[in-house]
Amino acid sequence: MKILVVDDEKDVQVLFEQRFRKEIRNKEMEFAFAYSGEDALKYLNDLSHEAVLILSDINMPGMSGLELLRHIKEKHKLPPPMVMMITAYGDAENYNTAMKLGADDFLTKPLEFSLLKEKLKAIH
Amino acid sequence: MSPQLQTISDFIKNSSGISDAEKESLLKTIKEADKNLSMIQFKLERIEKDRNTLSVMLQESIEDLQKKSLVIEDANKALTQTLEELKATQAQLIQSEKMASLGELTAGIAHEIQNPLNFVNNFSEVSNELLDEMTEQLEKGNTNEAKAIANEVKMSLEKINLHGKRADGIVKSMLQHSRTSNNKKEPTDINVLADEYLRLAYHGLRAKDKSFNAALKTDYDENIGLIKIISQDIGRVILNLITNAFYAVMEKKKLHPVGYEPTVTVSTKKIDNKVIVEVKDNGTGISQKAIDKIFQPFFTTKPTGQGTGLGLSLSYDIVTKGHGGEIKVETKEGESTGFSVILPV
């Protein structure tokens, strides 16, 4: 299962690679990383069929996670990939917007990796 | 006739050696001399009178001036006191402007500290897991695998350290921001300073208004090196310009919700012996009516209660008086604004 992680914090890559090292080693999961909404869209356009799940931060300079979500759900081929939103601000407004735009899940920072792992394995 | 002239006249009348015609002529001259004398006497008396009057007037004037001098002295005292009060009020205003801008930063600071803290927590948990795994591998005798894991732990610890320092830096700069300036110029990396305030301002605004977003563009001249500035003061100037830029793009976004991409650009460059920090936005611009007043204290275009009108005026003082530099502005109403801070180095 290929997962695209979108976050403007670059160390998220190292963190995910360590948190999921067993899954990566066993080839259960594969991760790709984008550091902005724009990068993520570019990745999806180039390799549209690859990622089945997108984990995106909401609060990013430029294209926000919510805009990215809207792009993916509106313009992507059917069926669109699953999108889980991650935000430091777990407020109702963000949550409602994300749900309206078709987010498949909504997680708040700091991420509970054990919980995330369970969720990902359930999809898998 | 004056007695002396009378004596001369009598002498001439009784003299025998002078003809009658000569006597008459001489007596006539003496009479004329007497007339002139009395005229002069009269004038002299008048002048004397005038002098007395003048002297009285002068005395009165002196008394009057003395009274006025006392009044001026009192007024001066009152003015000096008012000036001192004004200075104290100004100092208070500067402090409250600092605190107000700190308030605007609070949410940004919280966000900026939360991120590194999350990394610290995550990487420390990962390290723990890795060490368990390493022990497991060592028990199995897989030394190579254990060594590989040790390297991973090392990397995790480096990340913990890195993000710990990041949070530390943010707290330090926040403390510095609220502290009274010590007016000491210290070698500063202007690029780091600008970037720090750009992030804080951006996240501060995002936390307040979640619907807001803007593209941040940066272009830092890596050849500037360290420059001697009062970093907290210049930091405040940069923060102020960035906050204004965000406000301008936010206002424009309200007018054009679709198809407008708010963009704020911060750049630095070194030209000869000058360092230029530029903050540009594609927001509402500044009207011709406002442009002459923007550096005046208490001038603001924001709704009542939203702006102190002190940001740019304080920035102007910091740059010109504090650093011998200049602030320049270029704007096109409805399109863009660019502020340049030019600092001599």
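Would you please list the contacts, defined by Cβ atoms under 6 Å and residues six or more apart or on different chains, that run from a residue in region B:117-133 that is within 11 Å of B:SER156 (Cα to Cα) to a residue that is of a type in the set (A, V, I, L, M)?
Taking only residues 6 or more apart or on different chains, the pairs are B:VAL120/B:ILE160; B:ASN122/A:LEU15; B:PHE123/B:ILE160; B:SER124/B:ILE160; B:SER127/B:VAL153; B:LEU130/B:ILE149; B:LEU130/B:VAL153.
What tally of residues in region A:1-42 results from selecting those that are surrounded by 16 or more Cβ atoms within 10 Å (Cβ to Cβ), touching a His at 6+ places or on another chain (Cβ under 8 Å) and among the aliphatic types (A, V, I, L, M)?
Residues in region A:1-42 being surrounded by 16 or more Cβ atoms within 10 Å (Cβ to Cβ), touching a His at 6+ places or on another chain (Cβ under 8 Å) and among the aliphatic types (A, V, I, L, M): 2 in total.
Can you tell me which residue among B:ASN128, B:ASN115 is of a type outside the set (Lys, Arg), buried (at least 19 other Cβ atoms within 10 Å of the Cβ) and either part of a strand (DSSP E or B) or within 12 Å of chain A (Cβ to nearest Cβ) (or both)?
Values: B:ASN128 fails: buried (at least 19 other Cβ atoms within 10 Å of the Cβ).
Sole residue among the options that is of a type outside the set (Lys, Arg), buried (at least 19 other Cβ atoms within 10 Å of the Cβ) and either part of a strand (DSSP E or B) or within 12 Å of chain A (Cβ to nearest Cβ) (or both): B:ASN115.
Output the number of the condition that A:VAL52 fails; it satisfies all remaining conditions of (1) touching a Lys or Arg at 6+ places or on another chain (Cβ under 7 Å); (2) among the β-branched types (Val, Ile, Thr); (3) within 12 Å of another protein chain (Cβ to nearest Cβ); (4) surrounded by fewer than 22 Cβ atoms within 10 Å (Cβ to Cβ).
Exception for A:VAL52: condition (3).
Can you tell me which of B:GLY307, B:GLY285, B:GLY325 is buried (at least 17 other Cβ atoms within 10 Å of the Cβ), under 22 Å from B:HIS203 (Cα atoms) and not aromatic (Phe, Trp, Tyr)? Even if it seems obvious, please write down each step before you answer.
On the way: B:GLY285 fails: under 22 Å from B:HIS203 (Cα atoms); B:GLY325 fails: under 22 Å from B:HIS203 (Cα atoms).
Of the residues listed, the single one that is buried (at least 17 other Cβ atoms within 10 Å of the Cβ), under 22 Å from B:HIS203 (Cα atoms) and not aromatic (Phe, Trp, Tyr) is B:GLY307.
Here's the yes/no breakdown for (1) over 16 Å from A:GLU118 (Cα atoms); (2) modelled with pLDDT under 90:
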residue	(1), (2)
A:ASP8	yes, yes
A:GLN13	yes, no
A:PHE16	no, no
A:GLU23	no, no
A:MET29	no, no
A:ALA32	yes, no
A:LEU44	yes, yes
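Could you list, in sequence order, the residues of region B:186-207 that are modelled with pLDDT under 90 and touching a Gly at 6+ places or on another chain (Cβ under 9 Å)?
Result: B:GLU196, B:TYR197, B:ARG199, B:LEU200, B:ALA201, B:TYR202, B:HIS203, B:GLY204, B:LEU205, B:ARG206, B:ALA207.
Among the residues of region A:101-124, write down those that are within 14 Å of chain B (Cβ to nearest Cβ) and over 26 Å from B:ASN121 (Cβ atoms).
A:LEU101
Taking the conditions exactly as written (among the charged types (D, E, K, R) and surrounded by fewer than 19 Cβ atoms within 10 Å (Cβ to Cβ)), does B:LYS253 satisfy them or not? Give the derivation first.
On the way: among the charged types (D, E, K, R): yes; surrounded by fewer than 19 Cβ atoms within 10 Å (Cβ to Cβ): no.
So B:LYS253 fails the test.
With the requirement that a residue be closer than 20 Å to B:ILE327 by Cβ, more than 12 Å from chain A (Cβ to nearest Cβ) and either among the charged types (D, E, K, R) or out of contact with any Asp or Glu (no Cβ under 8 Å at 6 or more places or on another chain) (or both), what does region B:196-223 give you?
Selection gives B:TYR197, B:ASP219, B:ASP221.
Cβ contacts < 7 Å: first residue more than 10 Å from chain B (Cβ to nearest Cβ), restricted to region A:88-100; second residue surrounded by 16 or more Cβ atoms within 10 Å (Cβ to Cβ) and of a type in the set (A, V, I, L, M), any location; separation 6+ or different chain. Result?
A:ALA98/A:LEU66; A:ALA98/A:LEU69; A:ALA98/A:MET85
The values are calculated or read from the model by the stated rules, or taken from the named source; none is laboratory data. The structure presented is a predicted model; accordingly, all values stated were derived computationally and were not measured. Don't worry about glycine lacking a Cβ; one is built from the backbone with ideal geometry, like all the others, and counts go over all protein chains shown.
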